[in-house]
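What follows is a short report on a single structure.
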Amino acid sequence: MVSTGNKSRPAQSGRKSKFITCPECGGRKIARIPRSGESVCANCGLVISERRIDTGPEWRAFTADERTARTRTGGPVKYTHHDKGLATTLGWRNTDSSGRKLSSRRRAEIARLRKWQLRSRVHSSVDRNLSQALSELERLSSQLELKRGVKELAAMLYRKAIVNRLIRSRSIDALVAAAVYAACRIRQIPRSLKEIADPSHIDWKKVGRHYRLLVRKLKIKMPIPDPSNYVPKLITELGLPGIMQEKVLEVLDRAKAHGGLIIGRDPRGLAAGAIYIASILTDNRVTQREIASAAGVTEVTVRNRYKDLVRKLELSLP
C-alpha cells in the first residue's frame, strides 16, 4: 500500500461528478475499509482519505431496554403529526414512577393538568384546522395505501398552504386531497384525480381547482407525467403476461424519442394505447373496452392514442 504523507486529501476531479475519483491515477474504483475508516484506490493503492466521521452513538446496547435507557434523543420530526411529534403528553395511568397508586387529591390535580394540556395544544383556529386536516390526511393515505414519504410530503405542502394563508374559506378535505395529489405527482406515483377524489367524497373537479391553486401559489414545478409509470399497474389489473410489459415500454420509449406524442396528452391514454398495440404484437388480445375500464379513460381515447402511435411511429401490425 502506498503511503501518501501530505498527499492525503479528498479526491478531486476536473469535472463535476457524484463519484469519488483517485487524484493519482484517475480511477473510480474506491475501496472503503470500515475497520480503519480509510478509502483506498483499488487500482494504484493510494489512500484517499484516512478519517471517516462516525455518526453513530458512542455507547453500545445489547438489548432493547438498554437501547431505550441510553438513548438521549427523541424521534425524528414528523410533519404528519400536529405537534411534529415533539410534544410531551401526560400519561393516563394514575400511578407514579414507582408504580404506586396516586392519592385522590393528586389524581384530581393530574386530571386538571391533562385537560389544560389538551386545550393548549389546539388553542387557535389554525391549530384546530391543522389537527383536522392531518387526521383527514391519515385517513385518505390509509385508503390509498400511500407510502410514508408521500404522506410526509403532502403534510408539508399543506403546512406551506397554511403559511401562505390559502386555507381561509376553503374546504379542508379538498385542500388535503389536492396536497395528496400534488405529492403523488412529485413522487411520480400513478394516481389520477378521480382515484384520490373518490375516497375523499369530493368532486374531482373541485380537487383539481385546489390542486392548481397549490401549484400556482406555492410555485411548485411539477415533473411531466410519464406514461411508463402507469404500465405495471394496468398490466396487473388486466392479468397480462410479463412479456407484454416489455413490449409496452418499448413502444413508449419510441414515443418519447419522437417527442410530439407525449407532450399535452393524458399519460393514462398513452399507456392504454401502447398496451393495445402490444396486445396485437404479442398475440395477447385485449379489447379496447377492457383497457379503457382499467385505465379510467374512454374507448375513444384508447382508439385515438392507438392510431396516433401507429401512424407517427410507423408500426406494422398483423
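The values are calculated or read from the model by the stated rules, or taken from the named source; none is laboratory data. Since the structure is predicted, the reported quantities are computational estimates derived from the model, not experimental observations. Neighbour counts run over all protein chains shown; Cβ positions are idealised from the backbone, glycine included.
Details
- Residue check, residue 66 modelled with pLDDT of 75 or more, farther than 30 Å from residue 148 by Cα and not basic (Lys, Arg): no
- Segment 208-318 holds helices (runs of 4 or more DSSP H) entirely within its bounds, and those carrying 3 or more residues that are in contact (Cβ under 8 Å) with a residue 24 or more places away in the chain and more than 16 Å from residue 191 (Cα to Cα) map to 242-258, 267-281, 299-313.
- Test: residue in segment 81-96 that is modelled with pLDDT of 80 or more and either aliphatic (A, V, I, L, M) or out of contact with any helix residue (DSSP H, G or I) (no Cβ under 8 Å at 6 or more places or on another chain) (or both): yes
- Answer from 155, 197, 182 - the residue that is surrounded by 19 or more Cβ atoms within 10 Å (Cβ to Cβ), over 22 Å from residue 84 (Cα atoms) and not polar (S, T, N, Q): 197
- The residue pairs whose first member lies in segment 145-164 and is assigned by TED's automatic domain parsing to the domain that holds residue 212 and over 16 Å from residue 219 (Cβ atoms), whose second member is part of a helix (DSSP H, G or I) and of a type in the set (Ser, Thr, Tyr), and whose beta carbons are closer than 7 Å, counting only pairs six or more residues apart or on different chains, are 151/141.
- If the condition is being assigned to a helix (DSSP H, G or I), at pLDDT below 80 and not charged (D, E, K, R), then segment 97-125 contributes 116, 117, 118, 120, 125.
- Residue count, segment 1-45 (criterion: of a type outside the set (Lys, Arg) and modelled with pLDDT of 50 or more): 23
- Within segment 187-207, the set of residues being touching a Phe, Trp or Tyr at 6+ places or on another chain (Cβ under 6 Å) and in a helix (DSSP H, G or I) comprises 193, 194, 196, 197.
- Index of the failed condition, residue 48 passing every other in (1) at pLDDT 70 or above; (2) assigned to a loop (DSSP other than H, G, I, E, B): (2)
- Test: residue in segment 203-225 that is within 30 Å of residue 282 (Cα to Cα) and crowded, with 17+ Cβ neighbours inside 10 Å: yes
- Output for segment 158-172, where each listed residue is within 20 Å of the chain's Cα centre (by Cα) and under 17 Å from residue 197 (Cβ atoms): 158
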